[in-house]
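Written below as structure tokens is the structure these notes are about.
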Amino acid sequence: MCAPFLPPLTRGKPNTVEKMYTSHEDIGYDFEDGPREKKTQQPNANIDGGWAWMIVLSSFVVHILIMGSQMALGVLNMEWLEEFHQSRGLTAWVSSLSMGITLIVGPFIGLFINTCGCRKTAIIGGILNALGWVLSAYATNVHYLFITFGVAAGFGSGMVYLPAVVMVGQYFQKRRALAQGLSTTGTGFGTFLMTVLLKYLCSEYGWRSAMFIQGAVSLNLCVCGALMRPLAADETQSKKILKSKSGERDLKLPLSHSAESIRPNGHLTKTEEREDAPAPAAEGKGKDQVQLGKNMYALRVLKIASRLTLRVRKGFWDWYSSYFGAASLFTNRMFVAFIFWALFAYSSFVIPFIHLPEIVKLYNLSEQNDVFPLTSIIAIVHIFGKVILGIVADLPCISVWNVFLLANLSLVISILILPLMHTYSSLAAVCALIGFSSGYFSLMPVVTEDLVGIEHLANAYGIIICANGISALLGPPFAGWIYDITQKYDFSFYVCGLLYMVGMLFLLTQPCIRLKEQPRKKSTEGTRV
């Protein structure tokens, strides 16, 4: 039996700075034909505390299993090169498809969230991701991996990743940057753990068995999705839930067909029987009860179908209006500039994880790298970078945007100087700088929310990670293609570093747009007065 739906609440404002966001799953809907009454949402005790930290834990594990495993794909990439004897550029497409599709599907996952809610979306995605890993264990060529690992596992990862980020944004207001920083440190932990795990599994059981085992581990994503509990309703809604459940129990009582009527809301009630009415025969009563059961079942099916249809329609309309309606996110010029930055930036972060194992092999540093892998150095420092940058960005005297810009500048410098390093110690130092600077990824949801507001976070962040996905999809194959031509990775990092600098130019347009719009706001406020 489907759970009862509740009437929606209006999105109130807890304070003058931030707005409270609630998804459709958080409050539910009562899909009746009549108009719905709007009620003001009461402050929730789980905001910035209580179950909010369980949401952080769930998001943390999601980042370990999804982003961490994807950052460790360099291990499997070397196994695929030896197994299928394809070019580096073609083989790199497998990892790029998985990373890219995880992020590219963001806008479409926003539609799932608007319709089904974060919890159901994440659970379905966990099953699909695990299935992709298991099917990839039976790959006979690289093109097979494109479908099973790149598309299937990648789409499943996207269905879990976006809800994990959005739920943290819903549950936190005052400590958003810190909460996002703590949850996304799972990427660093996951990169370190998954690199060690995949290396061990590949050496002991082979890469096929390693992917099969990893598929079983990925089923824990369903548990993480189950923890994504929607924000609790208030007491009046709880009473309505109990009342509706009791009403459904009443429907199970055997009632005679002549002694009941159907209300407009679908519930059946007894009518007063005449005292002089003769009692029905036993056989007729049994037939009436069977017919009544069929009618009740049909009524419930119709009501459920009506609710689902209206929910899908409303979810699609909210999703469509965010992208193409009058209140489209693309009318926000600062947000559009942020999208262009995302298109150029992410590939420069992904390329070292995919190609560092090959670079180490070319420089004859495999023995030192086996003791302590360079990708693990990035992962460990990445953890501290996210937490430290999150704490700094939450300080009232510090601008989140300035912290974000400085971290980007540090990352692009480290990408450009990495090819100049040919010893393990120098490479380790640059990888540590890459790890710390890339901690700004924990600030991306916060910056996105500041640009568009919390009520548009799911759809807006879906667009941002979609742009990151396009960048991640094209970056590693592009670097592999340049290596196939030049037989060096140096030019790959130089070109990607320059593209990153182009993306930073779009970030620098944000202060200019803000300064340009301030006089307009002042003039409009003056005319209103």
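Rule-based calculations on the coordinates, nothing more; no lab input. No experiment lies behind these values; they were computed from the predicted model shown. As a convention, Cβ positions derive from the backbone with ideal geometry for all residues, glycine included, and neighbour counts pool all protein chains shown.
Normalise the Cα radius of gyration of the stretch 430-514 by 2.2 N^0.38 Å (N = residues in it) and let me know the number. Kindly include the intermediate steps, with their values, before the conclusion.
Values: Rg = 15.7 Å, N = 85, 2.2 N^0.38 = 11.9 Å.
Normalised Cα radius of gyration, the stretch 430-514: 1.32.
By per-residue mean of other Cβ atoms within 10 Å, what is the highest-first order of 362-369, 135-142, 334-341, 61-68?
On the way: 362-369: 14.1, 135-142: 16.6, 334-341: 19.8, 61-68: 25.4.
Output ranking for 362-369, 135-142, 334-341, 61-68: 61-68, 334-341, 135-142, 362-369.
Could you give the alpha-carbon Rg of the stretch 93-193 over 2.2 N^0.38 Å, rounded to two decimals? Intermediate results must be reported in sequence, preceding the final value.
Working: Rg = 14.7 Å, N = 101, 2.2 N^0.38 = 12.7 Å.
That works out to 1.16 for the stretch 93-193.
For the stretch 359-409, go through all pairs of different Cα atoms, get the mean of 1/r, take its inverse, and jot down that Kirkwood value in Å. The partial results should precede the final answer.
Working: mean 1/r = 0.0762 Å⁻¹.
About 13.1 Å, per the Kirkwood formula over Cα pairs.
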